[in-house]
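A short worksheet on the structure shown next.
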Amino acid sequence: MGTASAVVRSGLGGLALGGILYLAGDTASDLMVYNRLHSQAMLLVAADPDIPQIVGYPYTTGSWYDATLAFSHRDKVAHCTFQLKGTKGVTDIAVKAGRQPGYKSNVLYNILGPGTWQTQY
């Protein structure tokens, strides 16, 4: 009975480790995509002359944990929304970005390449 118990514990440990690694990889993937989309969107926001009139200047973004990130089209299109706060108020910035063909995994796509997302907001 000791051997069966050890096998079960070993199997459960392997499942737990696999779950933790999957969760860490998925979280890293989402953070990488969010950071890229956020950076690209802020370049578009800075170039938009209407933004200071809408929210005021200077402006900053809200916390990353208040943002949303979703994927469609088999993870080839990312949808991100985050807050833009200024002296006059707050608005949401919605970003949609598509990626070029490449690795299926967003982590590999962002790390090994090409890692570019075509952004529009």
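If the requirement is being of a type outside the set (A, V, I, L, M, F, W, C) and in contact with a Cys (Cβ under 9 Å, 6 or more places away or on another chain), which of these qualifies: THR68, THR60, THR91?
Testing whether each residue is of a type outside the set (A, V, I, L, M, F, W, C) and in contact with a Cys (Cβ under 9 Å, 6 or more places away or on another chain) leaves just THR68.
Check segment 9-31 and report whether any residue there is at pLDDT 90 or above and closer than 14 Å to TRP117 by Cβ.
no
Going through segment 91-107 one residue at a time, which ones are surrounded by 13 or more Cβ atoms within 10 Å (Cβ to Cβ), over 14 Å from the mean Cα position of the chain (by Cα) and modelled with pLDDT of 80 or more?
THR91, ILE93
Any residue that is within 27 Å of VAL107 (Cα to Cα), modelled with pLDDT under 90 and in a helix (DSSP H, G or I) - is there at least one of those in segment 68-85?
Looking through segment 68-85, none of the residues is within 27 Å of VAL107 (Cα to Cα), modelled with pLDDT under 90 and in a helix (DSSP H, G or I).
Which residue is farthest from THR27 (Cα to Cα), if the candidates are limited to segment 53-90 and must be surrounded by fewer than 16 Cβ atoms within 10 Å (Cβ to Cβ) and more than 23 Å from the chain's Cα centre (by Cα)?
Only one residue tops the list, namely GLN53.
Show the residue pairs that are 6+ apart or on different chains and have beta-carbon atoms under 6 Å apart, the first residue being within segment 57-72 and under 18 Å from LEU44 (Cα atoms), the second being of a type in the set (Gly, Ala, Ser).
Pairs that qualify, where the first residue is under 18 Å from LEU44 (Cα atoms) and the partner is of a type in the set (Gly, Ala, Ser), are TYR59/GLY86.
On the basis of being among the aromatic types (Phe, Trp, Tyr), more than 25 Å from GLN100 (Cβ to Cβ) and in a helix (DSSP H, G or I), does TYR34 make the cut?
No, not satisfied.
Is at least one residue of segment 42-50 of a type outside the set (Lys, Arg), buried (at least 16 other Cβ atoms within 10 Å of the Cβ), modelled with pLDDT of 90 or more and in a helix (DSSP H, G or I)?
Looking through segment 42-50, at least one residue is of a type outside the set (Lys, Arg), buried (at least 16 other Cβ atoms within 10 Å of the Cβ), modelled with pLDDT of 90 or more and in a helix (DSSP H, G or I).
I'm told GLY113 meets every condition in (1) exposed (fewer than 13 other Cβ atoms within 10 Å of the Cβ); (2) under 22 Å from GLY25 (Cα atoms); (3) modelled with pLDDT of 90 or more except one. Can you identify the failing condition by its number?
In the conditions (1) exposed (fewer than 13 other Cβ atoms within 10 Å of the Cβ); (2) under 22 Å from GLY25 (Cα atoms); (3) modelled with pLDDT of 90 or more, GLY113 misses (3) alone.
Taking only segment 102-120 into account, find how many residues are in contact (Cβ under 8 Å) with a residue 12 or more places away in the chain and either in a loop (DSSP other than H, G, I, E, B) or not polar (S, T, N, Q) (or both).
Summing the residues that are in contact (Cβ under 8 Å) with a residue 12 or more places away in the chain and either in a loop (DSSP other than H, G, I, E, B) or not polar (S, T, N, Q) (or both) in segment 102-120 gives 9.
The values are calculated or read from the model by the stated rules, or taken from the named source; none is laboratory data. Since this is a predicted model, take the numbers as computed values, not measurements. Methodologically, a virtual Cβ is constructed for each residue, glycine included, from the backbone with ideal geometry; neighbour enumeration extends over all protein chains shown.
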